[in-house]
Amino acid sequence: MLDHAFMITADAERGTALVLSARLALDQPASQVAGAVFRATAHGVYEARIGGRAVGDAVLSPGWSAYEWRLQVQEHDVTDLIADIAHIADTVDVEVLLGNGWWRGGLGFAGLNLDYGPSIGFVAELEVTYRDGATQVLVTGPHWSARRSQVTENSLYDGVRIDARPPSGERLPVRTADFDRATLVPQTKPAITRHETLRPVRVWSSPSGKTLVDFGQNLVGWIRLRASGPAGTEITVRHAEVLEHGELATRPLRGARATDTFVLSGGPEDVFEPTLTFHGFRYAEVSGIDVTADDLEAVVVHSAMRRTGTFECSNPLVNRLVENSAWSQKGNFLDLPTDCPQRDERLGWTGDIAVYAPAACYQFDCADILHGWLLDLAVETEHSGYVPFVVPNVLKLAPAEVRAKSEPMLGPTAIWGDAAVWVPESLWQAYGDRDRLAEHYPAIVRHLEGVEARLSPSGLWDQGFQFGDWLDPAAPPDRPHQAKADTGVVATACLYRSASFAADAAAILGEDQDARRWRDLAGRTREAFLKHYVHDDGTIHSDAQTVYALAIHFGLLDGEPRQAAGDRLAALVRADGHHVATGFAGTPYVTWALTETGHIDDAYRLLLQERCPSWLYAVTMDATTIWERWDSLLPDGTVNPGEMTSFNHYALGAVVDWLYKTVAGIRPAEPGYARVLLQPTPGPGLDWARGTLNTPHGRVECGWRRQDAGFEVEVHVPEGIEADVVLPDGTRHTVTGGAHTFPSAL
């Protein structure tokens, strides 16, 4: 794979994208071509064309991986493309646009501006096979040509500048660049591609006279703009997720300019599409030219994922919450699961996907993207000795003085580090792929071994830095870690969950000695938790909603103590007026814990609360994605004064997993839904609900509707699959493929 190709580059200004090109004269007539394959990758991002036609539909290839050890190679069958364009002259022209991407991206936050290397580079081969078995290969090397492109600035955070006027045509010397061929790996993650296009729902003038555009949906991608005018006319497009005081609210972007500039050629019409960047936005501000809704469209970009799960119910606000979750997943699954897509960050924070993975695997088929990301997590963990806060771990490239300041924080952390365990657990439950579980198992071991070394003599994980119940709504805007839940309680509960699944995974993989080891760790952790954190009166240390939610849902409590914890949790929820009082740690599990201890009414009332803090508050404020903070936008329409005010941040939307699996009731009874559990759980405030899921074995449906005397439950199971149906009144049935309807008492 790319054994004889050189990585090539050319010297130009940092912001300038390069055009690299070469011509292949075919050894035989085009009619004799039996097959052709194009393989490529880059330090940067590239777009390849053969004969002026795009090679595949991917953008921003090869994406972002742990470049030091894993550089993904894309492979395209271009047989038909070669046959179409080469039959006239028996020559093939290859041209590549090469930009900075993540490699030379100025990544990070707080002005870190981190790059993997000072120069971008491209490596490729075009292999042509003839009918007689002969082969011919065009590889990248110093014989290629280079020139500056019309993209004179390109940055993922800041945007691009495209000058449509004819370039100078000056040729740049091509040189080879060093790279380690051992890093080359076949592409695992799905390609980043264009998906929907959205037209503006409104174009108007702001109070200051700026032209504003609303696309009606917070999304990730770019704006495709058509314009005409005198040569040299500059059009500026700024992006933001929300408005404040009637103007574009750019403060939440922090250091990211999120601005594209287009320079007209003077021709009849220019079409601009800034494919070397991406923005998170709903609104745009356009200056330099008058525009109408017909002149622009938003192009939605994310990794290729098939929608697999749906949910709908009688409450339109809940339905919008579910769609907000799906849109946030699309926006933040752009080659890897990120925290946010708009500001100067956009990193693969491990804690976000740790809690969100179950919902993600229901909403979309994300088996490949999460598998590929976990391969990066494994290699980053191997080299750092612990699961980094972000994967790929670009923060390790920070200057020495910055790393020195953060040194006390580094090491295993609960939830963030537990991504090494919880994401594979979610993939195992959703898809049941034993081979991939085996690939993920070494990182599970490394994480747990790192935690074991940090435990206190009491057996608690109460030492070292922890994010804890991050973004507890009661925490000050500038101190998101100041949660009510004790960090040791949170971390120790998380360790129990991780050790328990590690034991299960080891048993599945035939690692019996490991299974005993992790089962013993789970038992010792549970014993320490009960001894030191559960008081004689049944309360748990720090007495916060989150600590009860974790203790119940993770299985640390049994019998009477479990029920007492559920009763205390319900009392706290009621005392808080059924407002959310949890952060990253507790939010995914609080409705589960209430349901599991018989407090379904409180779970529903918590879900349906519309006043802040609550899940539906953002919906009432016209949110179309999940927010980072419960009050990213304040009730008066102003932006939260904190530094972290993303409006596209899926973590707090993890509650939708409870909607899918409890309210609609679709769960795997066996990994990969080889057997299905259908257990819908109605509650006050909804008249009906239904969910669908395309599992590896076929489509599953489950729904319920209130009737005068109780409920009617309808299910559909794939042929050849058994399902255990548990009705709201506790009646149980076992059914096989097909549609089934059951009455249920209240």
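The values are calculated or read from the model by the stated rules, or taken from the named source; none is laboratory data. A quick note: this is a predicted structure, and the numbers were derived from the prediction, not measured. Virtual Cβ from ideal backbone geometry, glycine too; neighbours counted across all protein chains shown.
For segment 613-654, which residues satisfy the criterion of being crowded, with 24+ Cβ neighbours inside 10 Å, aliphatic (A, V, I, L, M) and farther than 21 Å from Gly348 by Cβ?
Ala618, Ala623, Leu633 - these are the residues of segment 613-654 that are crowded, with 24+ Cβ neighbours inside 10 Å, aliphatic (A, V, I, L, M) and farther than 21 Å from Gly348 by Cβ.
If you scan segment 49-88, which residues turn out to be buried (at least 23 other Cβ atoms within 10 Å of the Cβ) and of a type in the set (Lys, Arg)?
If the condition is that a residue be buried (at least 23 other Cβ atoms within 10 Å of the Cβ) and of a type in the set (Lys, Arg), then no residue fits.
Right, Ala515: closer than 19 Å to Val590 by Cα and of a type outside the set (D, E, K, R) or not?
In short, no.
Taking the criterion of being crowded, with 24+ Cβ neighbours inside 10 Å and over 27 Å from the mean Cα position of the chain (by Cα), would at least one residue in segment 445-460 satisfy it?
Within segment 445-460, not a single residue is crowded, with 24+ Cβ neighbours inside 10 Å and over 27 Å from the mean Cα position of the chain (by Cα).
For segment 354-365: of the residues being within 29 Å of Ala284 (Cβ to Cβ) and in contact with a strand residue (DSSP E or B) (Cβ under 7 Å, 6 or more places away or on another chain), which is surrounded by the most Cβ atoms within 10 Å (Cβ to Cβ)?
Gln363
Among (1) touching a Lys or Arg at 6+ places or on another chain (Cβ under 6 Å); (2) surrounded by fewer than 15 Cβ atoms within 10 Å (Cβ to Cβ), which single condition is His535 missing?
Of the numbered conditions (1) touching a Lys or Arg at 6+ places or on another chain (Cβ under 6 Å); (2) surrounded by fewer than 15 Cβ atoms within 10 Å (Cβ to Cβ), the odd one out for His535 is (1).
Going through Thr188, Thr197, Thr183 one at a time, which residue ends up being more than 25 Å from Ser21 (Cβ to Cβ) and over 22 Å from the mean Cα position of the chain (by Cα)?
After ruling out the rest, the residue left standing is Thr183.
Among the strands (runs of 3 or more DSSP E) confined wholly to segment 260-366, which include 2 or more residues that are at negative phi and in contact with a helix residue (DSSP H, G or I) (Cβ under 8 Å, 6 or more places away or on another chain)?
Values: elements: 270-272, 279-287, 296-303, 309-313.
The strands (runs of 3 or more DSSP E) meeting that bar are 296-303, 309-313.
Residues that are among the acidic types (Asp, Glu): which strands (runs of 3 or more DSSP E) entirely in segment 16-87 hold 2 or more of them?
71-77
Could you tell me whether Thr91 is in contact with a strand residue (DSSP E or B) (Cβ under 9 Å, 6 or more places away or on another chain), of a type in the set (Val, Ile, Thr) and surrounded by fewer than 18 Cβ atoms within 10 Å (Cβ to Cβ)?
So Thr91 passes the test.
What do you reckon, is Gln463 of a type outside the set (Lys, Arg), touching a residue at least 40 places away in the same chain (Cβ under 8 Å) and assigned by TED's automatic domain parsing to the domain that holds Ala357?
Spelling it out, it is not the case that Gln463 is of a type outside the set (Lys, Arg), touching a residue at least 40 places away in the same chain (Cβ under 8 Å) and assigned by TED's automatic domain parsing to the domain that holds Ala357.
Ala603 - would you say it is small (Gly, Ala, Ser), part of a helix (DSSP H, G or I) and without any contact (Cβ under 8 Å) to a residue 40 or more places away in the chain?
no
Are any of the residues in segment 127-143 under 36 Å from the mean Cα position of the chain (by Cα) and without any contact (Cβ under 8 Å) to a residue 12 or more places away in the chain?
No; the residues of segment 127-143 include none that is under 36 Å from the mean Cα position of the chain (by Cα) and without any contact (Cβ under 8 Å) to a residue 12 or more places away in the chain.
Show me the strands (runs of 3 or more DSSP E) entirely contained within segment 107-204 in which 3 or more residues are of a type outside the set (A, V, I, L, M), out of contact with any helix residue (DSSP H, G or I) (no Cβ under 9 Å at 6 or more places or on another chain) and modelled with pLDDT of 95 or more.
Correct list: 121-130, 145-148, 151-155, 159-163, 192-198.
Going residue by residue through segment 157-177, is there one that turns out to be among the β-branched types (Val, Ile, Thr) and under 26 Å from Pro268 (Cβ atoms)?
There is at least one residue in segment 157-177 that is among the β-branched types (Val, Ile, Thr) and under 26 Å from Pro268 (Cβ atoms).
Restricting attention to segment 241-259, does a residue exist that is in contact (Cβ under 8 Å) with a residue 60 or more places away in the chain and of a type in the set (Ser, Thr, Tyr)?
Yes, some residue in segment 241-259 is in contact (Cβ under 8 Å) with a residue 60 or more places away in the chain and of a type in the set (Ser, Thr, Tyr).
When Gly510 is evaluated against the numbered criteria (1) among the small types (Gly, Ala, Ser); (2) out of contact with any helix residue (DSSP H, G or I) (no Cβ under 6 Å at 6 or more places or on another chain); (3) more than 23 Å from Gly450 (Cα to Cα), which criterion, by number, is the only one it fails?
(3)
Regarding segment 647-658, can at least one residue be identified that is among the acidic types (Asp, Glu) and either modelled with pLDDT of 95 or more or under 18 Å from Thr591 (Cα atoms) (or both)?
Looking through segment 647-658, at least one residue is among the acidic types (Asp, Glu) and either modelled with pLDDT of 95 or more or under 18 Å from Thr591 (Cα atoms) (or both).
If Leu126 meets every condition in (1) crowded, with 20+ Cβ neighbours inside 10 Å; (2) within 30 Å of Arg403 (Cα to Cα) apart from one, which number is that one?
It fails just one condition, (2).
Among what's in segment 626-660 and is out of contact with any His (no Cβ under 9 Å at 6 or more places or on another chain), small (Gly, Ala, Ser) and not in a helix (DSSP H, G or I), pick the residue that is farthest from Gly216 (Cα to Cα).
Gly642
Ile235 fails exactly one of the following numbered conditions: (1) touching a residue at least 40 places away in the same chain (Cβ under 8 Å); (2) surrounded by fewer than 16 Cβ atoms within 10 Å (Cβ to Cβ). What is the number of that condition?
Among (1) touching a residue at least 40 places away in the same chain (Cβ under 8 Å); (2) surrounded by fewer than 16 Cβ atoms within 10 Å (Cβ to Cβ), the lone unmet condition for Ile235 is (2).
I'd like the full set of residues that are surrounded by fewer than 17 Cβ atoms within 10 Å (Cβ to Cβ) and assigned to a loop (DSSP other than H, G, I, E, B), limited to segment 697-746.
Result: Asp708, Ala709, Glu719, Gly720, Asp729, Gly730, Thr731, Thr736, Gly737, Leu746.
So is Leu556 under 21 Å from Phe501 (Cβ atoms) and part of a loop (DSSP other than H, G, I, E, B) or not?
yes
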